[in-house]
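Notes to accompany the following structure.
Values in this text are rule-based calculations from the coordinates and carry no lab data. Because the structure is predicted, anything quoted here is derived from the model rather than measured. Note that each Cβ is placed from the backbone with ideal geometry, even for glycine, and that neighbours are counted across all protein chains shown.
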Amino acid sequence: MAKNDPYAALRHKEFNIFLIVRFALVFGWSMQFVVIEWQVYALTKDPLSLGIIGLMEIIPALGMALFAGHIVDQREKRNLLAICIAAFSLISFGLFWLTTPQITAAWSTNSILYSIYALVFFGGFLRSFFGPSIFSLVALIVPKKIYPNAATWNSSTWQMARVLGVGFAGFSISWIGVHWSLCIIFGLVLFALAVLFQIEKKPILNPKIGEPMVESLKEGVNFVFKTKAILGALTLDMVSVLFGGAVALLAVFAQDILKVGPRGFGILVAAPSVGAFLTMLVTAYIPISKNAGMKLLVAIFGFGVCIIVFGLSSTFWISVVALFFSGVTDGVSMVIRQTILQLKTPDHMRGRVSSVNSMFVGSSNELGAFESGLTAKLMGTATAVVFGGTMTLITVVTTAVVSPSFRKLDLRKDVEEHEKAS
C-alpha cells in the first residue's frame, strides 16, 4: 500500500460495509429533519416552532451525552449500534403514522405538533448514543495508521448522504408529499439495520470494565479539557455551529423570503452539503495535517463570511452560492476536527471523548436551531442570520489572538507516530 494511498481505508471490507450503514442512516436522518421542518412550519407558520424542534432534541442529547459515552466504552460497539438503529426505526415509523390521512383528519394541529416534538425528543436521547458508538466502531475496523484517511472518507460519506438526503427531501415533498417521504425514511433505517450485521462483533478495549460511572466520566472530561488541540477544535466548531445555524431557518427563507417552494428549499438545504462533500473528496488526495490549527481558523472565518452573505442576499442563486461555500469551509473544518479526535484519543476513551464532542458540536446543531429560531423571532430572520455570522467571525479572531499554540497546531508528527505504531 502506498504511503499516501487516498483509498487506504476503502481497501478494508468492513469499513465499506460501515460506510453503507452510515450513508443510509445519515440520508434518512437528514431527509427526516428536512421533512419534519417543512411540516412543522407549514402547520404553524412560526419560525420559533423550528427552534423548538432543535430544543426538543438537545435537551435529552445534552443531558445523556456523558452517560452514553460511559456506556459505549463499557459495551460491545456493533450490537449497541444495532439497538440504536432499531429504536430509531420506531421514531421513523411514528412520524410516518402521524402523517397518515386518518390521523391528520382526526387530530388537532397542536396534538400532531406535540407528538412530533415528543418523537424528536426521543430521537435526541438516541442521538447521545449514536455518535460515540459510530466513532468507537470505526476505530476498531481500520488500522491506526490509516485513521486520518478513514476520518476523511467517513466524513465524506456523511456529507454525501446529507447532500442527497436533504436534496431528495425537497423534491420528495413536492412529488409524493410528506407522508410517503417519511415511509422512505423508515425503509432506509431498516436497510441500515440489516446491513450492519455484516460487520463482526468487536472486542471491548476498555481495561476498566465495571468502573464506577462518576470516575469514568471524570476521566473522560478531564482528558478533553487537558488536551488543548481537542478542546480548541471543539470550541471553535461549537461556536460556528451555534451562531451560524442558518440551515435551521431555510424553510422560512424558502417559503417567505426567496419564495422558491419545496424544490428551491431542497436546493438551499443541499448546497452546503455539496460544498462540504466536494471539499472532503479533495482532502482524501491532499492531506491537511500540516498547519492544521491555522487552516481550521481560516476555514471557520470563511464560514462566518458566507453566512453573512447568505443573510444579506435576497436573490436565490446568490443565496445558493453562499451556502455552497459555507459547506466548502465547513468541510475543511470537519475533516480537521475528526482527524484531531481520532489521532489524539486513546482507544479505551473513544466513547467518552466522542460524547464530549457531541456536547460541544453535535448538540450545538440543535441549540443553534433554537438560537436561530429565537433570534429570528426577536430580530427578524435575515438579521438573525447576519448576527450569527458576525459572532462566528468575532470568535475566530479572538481565538487566534489569545491562543497562539492553537494557531501553530500541526498534526504531521501524530500521523507519523500512528504509522510507526501500526
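Counting other C-beta atoms within 10 Å, and keeping those with at most 12, which DSSP coil trypsin sites (Lys or Arg not before Pro) do you find in segment 13-95? Listed in order of number, the matching sites are Lys45.
List the pairs from Lys13/Lys145; Lys145/Lys201; Lys295/Lys344; Lys201/Lys413; Lys13/Lys202 whose alpha-carbon separation is above 26 Å, in the order I gave them.
Distance filter (> 26 Å) returns Lys201/Lys413.
Look at (1) 153; (2) 180; (3) 127: the one that is volume of the Cα convex hull per residue in Å³ derived from this structure is (3). Compare Val40, Val189, Val221 in a GNM of the chain, Cα atoms joined below 10 Å, and give the one with the largest fluctuation. It is Val221.
If you average the sequence gap of Cα pairs under 8 Å that are 6 or more apart and divide by the length of segment 83-191, what percent do you get for the contact order? It rounds to 52 percent for segment 83-191.
Any chance you could give the angle, 0 to 90 degrees and rounded to 10, that helix 228-243 forms with the longest Cα principal axis of the chain? Once rounded, the angle reads 10 degrees.
Taken along the Cα-to-beta-carbon direction at a fixed 7 Å, the label points for Lys226 and Phe171 span 5.2 nm. For the chain, what is the calculated [θ] at 222 nm in deg cm²/dmol (nearest 500), taking -39500 (n - 2.57) for each run of four or more DSSP H residues and dividing by its residue count? Theoretical 222 nm ellipticity from helices: -27500 deg cm²/dmol.
With the cut-off at 1.5 for a/c, could you classify segment 97-182 from its C-alpha gyration tensor as rounded, prolate or oblate?
It is oblate, given that a/c is not under 1.5 and a/b is not larger than b/c.
Between helix 13-44 and the chain there is an angle of about 30 degrees, using the helix long axis and the longest principal axis of the Cα atoms. Structure remark: mean-square fluctuation, Gaussian network model of the chain, C-alpha springs under 10 Å; the largest value among Val260, Val34, Val241 belongs to Val260. The long axis of helix 213-226 is offset from the longest Cα principal axis of the chain by roughly 80 degrees. With a Förster radius of 30 Å applied to the C-beta separation of Lys13 and Lys290, the computed FRET efficiency comes to 0.45. The GNM of the chain, with springs linking C-alpha atoms under 10 angstrom apart, assigns the highest mean-square fluctuation among Cys84, Cys183, Cys306 to Cys183.
Ordering 116-127, 321-332 by mean Cβ neighbour count within 10 Å, with the highest value first, yields 321-332, 116-127. Full extension of the segment from Ser314 to Ala106, taken as 0.36 nm per residue of separation minus the current Cα-Cα distance, would add 70.9 nm.
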